[in-house]
Amino acid sequence: MQTLKLAFRNLFRNIRRTILTVMLIGLSLAALIAVDGIMRGMITLMVENVTSTISGEAQIHRVGFRENFDVDIYLENSDEIEQTLRQDSSLDSYTTRVMSGAMISSSYNVSAGLLYGVDAQRERTISKLEQALVRGEYLSGTESELLMGHTMAELLEVGLGDRIVLTLSEAGTGELAQALYRISGIVDFGMRELDDNFVFVNISAARKTLGMTDLQTHEFVLKFHDPADAENPETELFQTLNDEETEALGWLDLNREIGLIIQLTEFSSLIVGAILFLLASLGVINSMFMSIYERIYEFGVIKAIGTRPAAISNLILFEALLIALISCALGSALGYLIGLYTSNYGIGVGDMEFSGIAFDNNIFSEFHVSQFTQFPVYVILLTILAAIYPARFAARIVPSDALQRSL
Amino acid sequence: MTSAKTFLRNRLSLHLTTSRLICTLLFSSLFSNLAFGAERAIEIIDEMEALYQGASSSATMTMIVETPQYERTMEMEASSIGTEKSFIRILSPRKDRGIATLKLDMEMWNFLPKINRVIKVPPSMMMGSWMGSDFTNDDLVKQTTLTEEYSLTLEETDEHFTIILVPKEETVTVWGKIDYIVNKEYMVPVAQNFYDDNGEIIRKLEFSELKDFSGRMVPSRLEMIPMNKEGHKTIVIYDKLEFDPPDVDESVFTLRNLRSRF
Amino acid sequence: MLLLKLAFRNIFRQRRRSLLTALSMAGGYILCSFSFSLSEGSYSNAISFFTLDHTGHVQIHMEDYLQRPKIHKTIDDPERISEILDARENIASHTLRVFAPAIAYSDTDNTPTQLIGVDLERERTTSTLEQKVSSGTYISSGLDSDGYYSAMIGAGIANSLNIGMGDELILISQGADGSVANDIYIVGGIVGNRNSLDKSTVFLPLQAAQEFLSMTGRVHEVSILLEDENDSRAEAISLQAELPELSVDPWQEVELTVYRSMQADKQGNVISLGIIIFIVFVGVLNTVLMSVLERTREFGVLKAIGSRPTKIALMISLETGLLASMSMFAGLLVSFPLIGWFTLYGFELAEPMDVGGIVMSHITGELSLYVLGTPLLLIILFALLISIPTGIRAARISPTQAMRSN
């Protein structure tokens, strides 16, 4: 107890130095919190780009469908699957889709493309289709409605209200099927893959054209309350759904490359964090030594009158601990403030001429408990570790040498 | 995005078609559209279709495809029974000689002698142009039952009848309107115009050069002109045309015949 | 001169203090240069991926083939272009290609495919096609003994059509003259795996593809690899001037979406790098400041015995500068081999990443003047900057005050 009081008072003997040290450690902590928050924000952005534009957090298909997206490989038991989904409390929402390649003709031109039949209402909660609308109206359930990517609309020389004939093979029979639609809206995702090739219609109309029943679906798209569930293959819902006929996969399994990029990002932040703290430790050591040198005469005196080396060493360590605690408090506060600002206002990623729905350009940094629990603990531990060398040095001071020091 | 990207790599953007469209379009237009008043128009089209149902024919023609990049001339022979069955064989140029197409109802097959294979045409390939010409399948992939799928009105001048066809609500077509213009004196078609929903003409099929084929006066020259593509045109010229020829029977319209050497 | 000697002696007098300061500067330098290397390296890697994979650094097409590909938009005199390209020093190699959508048939199945005709010899040195062959061989360009051309097919095609080495592959497409293109080829090799970007592609020798599509002597694309990828834009402009009737684009235009997202990514990275540099600066500030401030008494004495304040300030700056330089040198000694190793070998990834058929198993960095030099300059400059006001302050203090302080 006494040592603690002493340590505390010692900090104030050289305010400047104490402030510098606290600043060093505190800023390092704040920086680490900030960078971690940014990294997390970047990853979330990337994941969102992948999942929320159109692919969703998880998908259910018939086994084999994803090989070639064969229109004949559909789920037969949509009602059973829907029942399972409705009963699952971890799901936020889901939607159904049918899809097929098709030739898309207007009065002026013809082009190959992809037909997506979507459940207009449910689709709202899963993808950004509605937000991508730039002209016309979103799907309302009327049979002949069709939304088209804007670059395809340019190619086909069409606008709102124009005729579109879709030609494709019926699912299962392969028979020729054609249907008439009218352009009710134009979409701009900001991604050529989507804008060049996709048309969206109501799922009931698509099923009719494809000759499919209400029980037949190509794809279920899911959204969980907790995004972590989507990344975890052990999630109960996946266990329930997966069997020889049905395949339910989270986006991470569907997009392995993103998983790797995330690993890479986490790995490099780890390295950076480690080195950063190493640097901070050097500062701590430097600072501790200086404080010891200043008082070397004193140390000489108290050792001469009998203070145990351990007591001196403890004193130094306590001083380090106190500095660490103060630094953590300040550093965390600063880190929190920075995080607050960047999470609300975001970090713009420069001047993007092509910002579109698919590319949300602001990185919003994210808070995470570990930033305020794990990181400060590391800081405290490291500071104390760094102080061991100076502490031992102080403990080993030979009184006669110390008392001779003048300058 | 992997799913979308992968799917896209499976796109079909092939403009390969097959046959029979020309036959039906040409042959049916020769007989149809002699309309006197909407009801009469329907009557006569029905009559013509009925007449045509029983008819068989064989012909030899030359097709010239003009584009800004090339001009191609092909010679072919064709046979048909009604609108359901047709058989076309290309005679020239040499590298295409022997390519043949058989259409039975809604199914089509191509025979390609170079690889000695009969290929069934998948429905998705039915769209697009035939042999790079300006004739599309959209006209002919389905039976055009004009009287059922379109509403007809008749206009008349001293020289011409014009039958205006407007597709009904549910009719699946890219056209907003089609005009058939018929020459009163000879009762032969003069032109067909295809319009979009705004009344703009998108393509024209013009008939000219009346000739006597086996006793009937029929336009021997057809020109399909897309109005929205500069420099594109397809011309079909009938060199020979026979009605109810003796050598055209059911055996012509078989896969065996498709494969046979000639 | 005296000052310099003094500065040196001072540094070595207080070994511990100097060492700690030097360590913090050197350590900061190593961290910065490593971060730079990682960041630059990952971009270079990404760029190399597709430029070496198939894009090349510069591409030539006719008109707007890149934006709206149509079979008739062809380069009709590729031999003249090849001559021009072969003569240019900056160009490492180039290749010629032809593209068309086609349908591939086996006995029982058919599947849509993209046909790419390539100059097999040139392709070897301009893209990674040869390395992507996963079974069979990199085909030759001539006819085999039966008079057929060989083809290399994507694994997806091999799977959909259930065909393999030595089997017949039938391709049907539309020729440039509007005719039906149809022919038989023999499968000589399979490219990539079922997840590769090329899985639905059929590769033919250039001549075979040209004959197939009735466009002998014509090509759609010339793809060029430069000696130095950083010259891409400049080279494209220069070539465009020489070939006004064609369209010459650097890879940044050819792969516009990828380039833009990389730029966006870079912006985000700059922020992280900025923060790292900031912390390193704080560390340097801390150590330099403290080293100077703790000697206040010493400077007081110096002043008391007559040293001019200017000399004292100068000496402080000199010391800091010298120390910084020595630290940087030491840091360089460590960074150079470290980053060199990182660039050549890199860290192994937990799971090799398959990027379109090319397997990326390591993350590597980049070794360059920028990576090594920028942090070095920054740290030395900053240290010097810090030392100036500090030195001035220390020099101004009155001797009595100085000797009283701790």
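Data overview
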read-out	value
Calculated FRET efficiency for the pair B:TYR70/C:ALA241, C-beta based, R₀ 25 Å, to 0.05	0.20
Dipole moment magnitude, nearest 20 debye, region B:210-256 about Cα centre, only Lys, Arg, Asp, Glu C-beta charged	300
Along principal axes, Cα extents of chain C, largest first, whole Å	102, 46, 31
Span-like helix ranges in chain A, DSSP H, alpha carbon extent 30 angstrom or more, Kyte mean at least -0.5	A:15-50, A:256-294, A:309-345, A:369-395
Neighbour net charge for C:LEU23 - beta-carbon separation under 14 angstrom, K R +1, D E -1	+3
Inter-site label distance for C:TYR43 and C:LEU338 at 7 Å from Cα along Cβ, in nm	2.2
Too-long pairs where the Cα-Cα distance tops 27 Å, listed order kept, from A:LYS208/B:LYS168; B:LYS103/C:LYS70; A:LYS128/B:LYS168; B:LYS114/C:LYS132; B:LYS95/C:LYS70; B:LYS233/C:LYS199	B:LYS103/C:LYS70; A:LYS128/B:LYS168; B:LYS114/C:LYS132; B:LYS233/C:LYS199
Nitroxide proxy distance, nm - points 7 Å out along Cα→Cβ at C:ALA87 and A:PHE367	6.8
Calculated FRET efficiency for the pair A:ALA333/A:ILE305, C-beta based, R₀ 30 Å, to 0.05	0.10
Likely footprinting exposure, A:SER144, C:SER135, A:SER287, C:SER150, fewest C-beta neighbours within 10 Å first	C:SER135, A:SER144, C:SER150, A:SER287
Whole-number D in µm²/s for chain A (Stokes-Einstein; Kirkwood sum over Cα pairs; 20 °C, 1.002 mPa s)	83
Of A:PHE318, A:PHE220, A:PHE189, the one that fluctuates the most in a GNM where chain A has Cα springs shorter than 10 Å	A:PHE318
Unit charges on C-beta of K, R, D, E only; dipole of the protein assembly as shown, Debye	9340
Chain C: relative contact order in percent, alpha carbon pairs under 8 Å with at least 6 residues between	25
Charge-dipole axis of the protein assembly as shown as Lys and Arg at +1 and Asp and Glu at -1 on Cβ define it, positive-most pick from A:LEU147, A:THR246, B:TYR195	A:THR246
Model label zone, A:SER204; criterion: amide N under 16 Å from point 7 Å along Cα-to-beta-carbon; scope region A:89-111	A:96-98
Additional length obtainable on full extension of the chain from B:LYS184 to B:ARG221, 0.36 nm per residue less Cα span	11.5 nm
Simple spin-label estimate for C:GLU121 and A:LEU270 in nanometres, 7 Å along Cα-Cβ	5.0
Formal net charge of residues neighbouring A:ASP214 (Cβ-Cβ distance under 9 Å; K, R +1; D, E -1)	0
Principal-axis tilt of helix C:232-242 within chain C, Cα atoms, nearest 10 degrees	50
Counted charge near C:HIS54, where neighbours are those whose Cβ lies closer than 11 Å (Asp, Glu -1; Lys, Arg +1)	-3
Distant alpha-carbon pairs in region C:70-219 (separation over 24 angstrom), percent	30
Of A:GLY161, A:GLY211, A:GLY306, the one that fluctuates the most in a GNM where chain A has Cα springs shorter than 10 Å	A:GLY306
16 Å cut-off, amide nitrogen to a point 7 angstrom out along C:HIS72 Cα→Cβ, residues in region B:196-225	B:224-225
Neighbour-count ranking [beta-carbon atoms within 10 angstrom, fewest first] of C:LYS266, C:LYS199	C:LYS266, C:LYS199
R0 of 45 Å, Cβ-Cβ distance B:ASP158-A:GLU143: FRET efficiency to nearest 0.05	0.50
Average beta-carbon neighbours from other chains, 10 Å sphere, peptide A:286-295	5
Most mobile of C:THR108, C:THR126, C:THR55 in a GNM of chain C (Cα contacts under 10 Å)	C:THR108
Listed residue (C:LEU332, C:GLY142, C:ILE84) projecting farthest to the positive dipole end of chain C, Cβ model	C:LEU332
Rg to Rh quotient for region B:48-259, alpha carbon positions, Kirkwood Rh	0.95
Gyration tensor (Cα) of the protein assembly as shown, equivalent ellipsoid semi-axes in angstrom	78, 31, 24
Within region C:141-173, backbone nitrogen closer than 12 Å to the virtual label 7 Å beyond the Cα of C:ASP109 toward Cβ	C:155-164
Cβ charges +1 (Lys, Arg) and -1 (Asp, Glu), total dipole of chain A, debye	3940
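Every number here is computed from the coordinates shown, using simple stated rules; none is lab data. If you're wondering where the values come from, they're calculated on a predicted model, not measured in any experiment. So basically every Cβ, Gly included, is an ideal-geometry build from the backbone, and we count neighbours across all protein chains shown.
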